[in-house]
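**Q** Here it is, the structure, as structure tokens.
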Amino acid sequence: MPYKVEDISLDDLEKTDWISVRAVNICKNNRLTGLNDIVSFFRKHGSFKNLENCGDKTEKELSEICKKFSNHSLDVIIEEIKERDEVKKLVRQFTDDEIEATNKHIEYLTFKLSVRARNGLHSLFNGTPQTIELIDKIYSSTFSFRTIRNIGDKTVTELDSFTEALLLFLKKFQLKDNNTSIVENIRPTIITDLDESFAKIINEFNPFKKAALNRHIEYLISNLKIRARNGITQFFGETFTAKEIIETIYSYSFDFQDIKNIGSKTVSELNDFKADISSFIETLRFIEDDHLSREYAKLIVKTTFSNLPINFNEQFETVFDNTGKIKLFKLIYFLIENGHILKQKEKQLFYYLYTEDCNKSLEQIGKELDLGKERLRQLRIIFEDEVQDYFRFILSFNSQDLVTYSISTDTCFKIIDKDFIQKINIAEDVKFNILFYSIIFGLFLENSHSVLGDDENISGKGNYSNTIRYKNCYLIEKIISDSFNFESFANDVNANLSHRITETYSLHFEGYLLQFMNPDGKHYLSSIKETCEVILYNEFDLIVNNEGYIVFERNVRKTLPEYTFEILEELGKMTKVEDIVKAINNKYPELDTNEQSIRATLQREKDLYIYIGRTSTYGLKKWELENKAIKGGTIRDIAEEYLEKFDTPQHTYDIVNYVKQYRDTSGTSIFRNIQAEDKNRFVFFEGGYIGLKSKIYAPSNTVFKRVAGTNFRTEVLKRFNGWDFDRIVTYYVNTHNYTPVQVISLFEAKIQTGEIILNDNNTITI
């Protein structure tokens, strides 16, 4: 290698990757034969824009060479050229073990980078770089980390330090001799550094982040192709944990190639799987705990779907409710509409099968998609079988971060009916049908509940003409569904109803259930009975009477619930049971119904009917939506509903005023009613504040000052004669540290007793 600038030719520069082939050709065409000519031209003209055929990229390249030469002595530049050349030659002579060791060290150095720096490096190499491609790139004289988009000086400095650290590592190989294994000498250091980095980061995670990491690994595994998933299961066993996976795949000696019966394609997929875990760990690392739920939700979507819109973050905010919970079906609709989940043909088929307002027939959809009837039928079957897989990504979400939808794993069953889905459709501005809701909730509860109803039929015994579709969907706890054949039960009931019934007859309910019950079913009889009663009522309009019998009435056009609903609509107001019975019997004397039957009908369908306290007064649930002055339930129910709206305890004064909107009673009566709660729903605090036992309040929000009566004696209050009421409230708040509502409630009580007069001009007189 020459040591004089005049002797550094274009060929020398090209051999050491200081200059690109295009730049060499442009220099030759413009009679610039070496480094000396290039530098002289730059000093004279200040740029290379005047060179023939020299574009912006080449101009920048040549200028960088000249600037570098201007800032350093010739000896430094020559030594740098020599060092780069030697490093490249050294790496190309590496054994497989040495390449592996270097790759591991690159992985370690990459992991220690900040998110921005690591993402910049990944964008440059389309993932974690391997030894050869990294060395060839960063030890080119024309290379600068500044070429990476969206990184600043701080990140460039960090990546330059990354390069220097790698160089120090590579120099260790220059010291080896033929009798020494440098790999064995450095391997323990790499192992320790890499393992400690991961262990430290993960151990510092709070329980929520650890849970998020575990869920995400489970989700990533579920998304692997069958061969890759089987390879993981084969290697780790059926009951592996996320912790075991992390500890293993990040160990120095591990390689996915060691797993039997998987090829290079599967190894590549598993390496991507590992990279996804690394990226996720690093992302979790920098998410603030206060924003974990929201940012984690965004992360799930970003890592699952590609080509998200530029304004994704802005659009994504619409899927959260005012409490920060994810509106899951709003999110799903957003992803479908924007083409992230389903292709165009699949989307049309999806809307036909799983939405409520599809006004197209299957035949019309077939014509639009240019598909024959038989092919469309085949696609429909395939689509219905695979539809769950399209939405399996939702399992990565923490259920606590989602709107609850009144779905709980603690219940033995949950019914998904029209009223239930309508509330969600309205609240989230979507249009999914019962079938789709059953699919999604079935996914969430697949480990704990079975689905009955979704896209199934109820058929009569040996009579396919008596086949009907379920009206609703039922999520039944598996321990219950494993003990009882609900499908056979529904089919048998349908068979009984399908026959012409000339005389009313009864079947003993419990005795009837025994034929569909497994030996263990008796242990869960109560839950089985409850579930079957709901199925009877909602699918067949049947009830179990007070004597414990299912009554199969002679075939009539209407059921008792329908008569009850009709009469209440005609009455148009909250009505006592006895008056409802009178109205039904007056209009339909042939029914000969009684209070017992009507009361049972009203009590069984809580989503359809409302009641007032313990007055045996009932009305229609829909009236609550139509008339804001109507609200069903007890005083305690209304108080509980009000407290559910807040994350802090509320003052008795506000609770009482809310309840009074719906119940004509005194504040004292309301408070005593709440105090006498036997279900232990409420918790009482100093200063007249009440909260809910079911809520966890921040300690700072549960400390209230008790109001001293001495501060409100008449002789004390006289000093405020002629004062503005608002001024008095402010005075007590500032002077005694009471809350405004505490002051207002005490003054209002005295106003009501006449002890204080509130004048028209808002002043008081004692």
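The values are calculated or read from the model by the stated rules, or taken from the named source; none is laboratory data. Bear in mind that the values here come from a model prediction, so they are computed numbers and not experimental data. Glycine also receives a Cβ, built like all others from the backbone with ideal geometry; neighbour counts cover every protein chain displayed.
**Q** What residue, of THR564, THR593, is polar (S, T, N, Q), closer than 28 Å to TYR662 by Cβ, buried (at least 16 other Cβ atoms within 10 Å of the Cβ) and modelled with pLDDT of 85 or more?
**A** THR564
**Q** Among residues belonging to the stretch 613-650 that are of a type in the set (A, V, I, L, M) and touching a helix residue (DSSP H, G or I) at 6+ places or on another chain (Cβ under 6 Å), point out the one that is farthest from PRO561 (Cα to Cα).
**A** Going through the qualifying residues, I end up with ALA639.
**Q** I've got another one for you. What pairs come up if the first residue lies in the stretch 342-364 and is polar (S, T, N, Q), the second is part of a helix (DSSP H, G or I), and their beta carbons are under 7 Å apart, counting only those six or more places apart or on different chains?
**A** GLN348/ILE365; GLN348/GLU368
**Q** Across the stretch 464-493, which residue is nearest to the chain's Cα centre (by Cα) among those that are part of a helix (DSSP H, G or I) and closer than 17 Å to CYS412 by Cα?
**A** Looking at the filtered set, the residue picked out is LYS478.
**Q** Also, I was wondering about something else. All but one of (1) part of a helix (DSSP H, G or I); (2) modelled with pLDDT under 90 hold for GLU503; which doesn't?
**A** Evaluating GLU503 over (1) part of a helix (DSSP H, G or I); (2) modelled with pLDDT under 90 leaves (1) as the failure.
**Q** Shifting gears a bit: Out of the residues in the stretch 268-296 that are of a type in the set (A, V, I, L, M) and more than 17 Å from the chain's Cα centre (by Cα), state the one that is surrounded by the most Cβ atoms within 10 Å (Cβ to Cβ).
**A** LEU270
**Q** For the stretch 80-93, does any single residue satisfy the condition of being at pLDDT below 75, surrounded by fewer than 15 Cβ atoms within 10 Å (Cβ to Cβ) and either aliphatic (A, V, I, L, M) or within 39 Å of the chain's Cα centre (by Cα) (or both)?
**A** No, every residue in the stretch 80-93 fails to be at pLDDT below 75, surrounded by fewer than 15 Cβ atoms within 10 Å (Cβ to Cβ) and either aliphatic (A, V, I, L, M) or within 39 Å of the chain's Cα centre (by Cα) (or both).
**Q** To continue, here is another question. Looking only at the stretch 214-243, which residues are within 22 Å of the chain's Cα centre (by Cα) and of a type outside the set (S, T, N, Q)?
**A** Matches in the stretch 214-243: ARG215, HIS216, ILE217, GLU218, TYR219, LEU220, ILE221, LEU224, ALA242.
**Q** Further question: For the stretch 645-653, state whether one or more residues are of a type in the set (S, T, N, Q), buried (at least 18 other Cβ atoms within 10 Å of the Cβ) and closer than 30 Å to THR739 by Cα.
**A** Yes: the stretch 645-653 contains one or more residues that are of a type in the set (S, T, N, Q), buried (at least 18 other Cβ atoms within 10 Å of the Cβ) and closer than 30 Å to THR739 by Cα.
**Q** Out of everything in the stretch 241-267 that is modelled with pLDDT of 80 or more, of a type in the set (Ser, Thr, Tyr) and surrounded by fewer than 14 Cβ atoms within 10 Å (Cβ to Cβ), what residue ends up being nearest to TYR219 (Cα to Cα)?
**A** THR248
**Q** Cβ-Cβ under 6 Å, sequence separation 6+ or interchain: first residue in the stretch 688-709 and small (Gly, Ala, Ser), partner crowded, with 17+ Cβ neighbours inside 10 Å and part of a loop (DSSP other than H, G, I, E, B). Which pairs?
**A** GLY691/PRO649
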